[in-house]
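Quick notes on the structure that follows.
The values are calculated or read from the model by the stated rules, or taken from the named source; none is laboratory data. This structure is a prediction, so every number in the text was calculated from the model and none was measured. Methodologically, a virtual Cβ is constructed for each residue, glycine included, from the backbone with ideal geometry; neighbour enumeration extends over all protein chains shown.
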Amino acid sequence: MLKIWGRANSVNVRKVLWCCDELGAPFERMDAGMQYGVVNTPEYRKLNPNGLVPTIEEDGFVLWESHAIVRYLAAKHGAGKLWPADLRVRADADRWMDWAAGSFLPAFRPVFWGLVRTPAESRDMKAINESAKKCGELAGYVDAALAGRRFIAGEQFTMGDIPLGCHLHLWLNLPLERPAYANLAAWHKRLLERPAFDKWVNTKIS
Ligand SMILES: N[C@@H](CCC(=O)N[C@@H](CS)C(=O)NCC(=O)O)C(=O)O
């Protein structure tokens, strides 16, 4: 049985949980991180020296980094579906996974931490608003890429939608000024129609 360590309110853990559910892959989840601790124990650090979540273990095989985990699970259980068979479609999906981590997340992190994890009286609203403006610009690239497609890598839902879906869902649900993006809104609505997204991602922000 696949084991997943990580609290269910972590955006990176949610990617893995959503992915497993889409794939019908059974798993056992152990709470870890923030209020649950665990991540600083020597046993956990042996699995994941970063002391972060998520981490998975399957028949002695240990993996951390949420996008690597999503790729592994998609390749194992979702060949031709979440893991596109066409090399170029797969590269397209892959590109948006890297972009979510390398471009969108660095801009979004100060917004999330500022509005969700920082008491109102301690918030640096100038920094939050600057980062939010950058996020608005970046989300425009996703909107443009979604023109004429149902999902980020084409007509089919793929692994490429998972990290973007998790981060942009948060962006769309925080009290922010946002440009109105029709393609992005239609894509988000499609994600909300997916039971696995609704169960693991469309939950309380905390
Ligand atoms: N690049 C890593 C980042 C992992 C990460 O930053 N995880 C956060 C939660 S989203 C974490 O472990 N924070 C510390 C904690 O929860 O104790 C990944 O995608 O898996």
Notebook entry, point to check: Inside the stretch 5-35, can you point out the residues that are near the ligand (Cβ under 8 Å from one of its atoms) and over 13 Å from the mean Cα position of the chain (by Cα)?
Noted result: G6, R7, A32, G33, M34
Next item on the list: Return a yes/no flag: does the stretch 50-70 have any residue that is under 16 Å from L17 (Cα atoms), of a type in the set (D, E, K, R) and more than 16 Å from the ligand (Cβ to nearest atom).
Entry: yes
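Yes/no per residue for (1) of a type in the set (V, I, T); (2) under 30 Å from R29 (Cβ atoms):
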site	(1), (2)
D94	no, yes
A120	no, no
V142	yes, yes
G148	no, no
T158	yes, yes
Notebook entry, point to check: Among all residue pairs at least 6 apart or on different chains, which show Cβ distances below 7 Å where the first residue, located in the stretch 16-37, is at positive phi and the second is β-branched (V, I, T) and within 12 Å of the ligand (Cβ to nearest atom)?
Noted result: G33/V39; G33/V53
Next item on the list: Name the single residue, out of those in the stretch 154-206 being in a loop (DSSP other than H, G, I, E, B) and among the charged types (D, E, K, R), that is surrounded by the fewest Cβ atoms within 10 Å (Cβ to Cβ).
Entry: K204
Check: Of all residues in the stretch 7-20, which are more than 16 Å from H167 (Cβ to Cβ) and buried (at least 18 other Cβ atoms within 10 Å of the Cβ)?
Finding: R7, C20
Next item on the list: Exactly one condition in (1) surrounded by fewer than 17 Cβ atoms within 10 Å (Cβ to Cβ); (2) in the same structural domain as R14 (by TED's automatic domain parsing) is not met by L63; state its number.
Entry: (1)
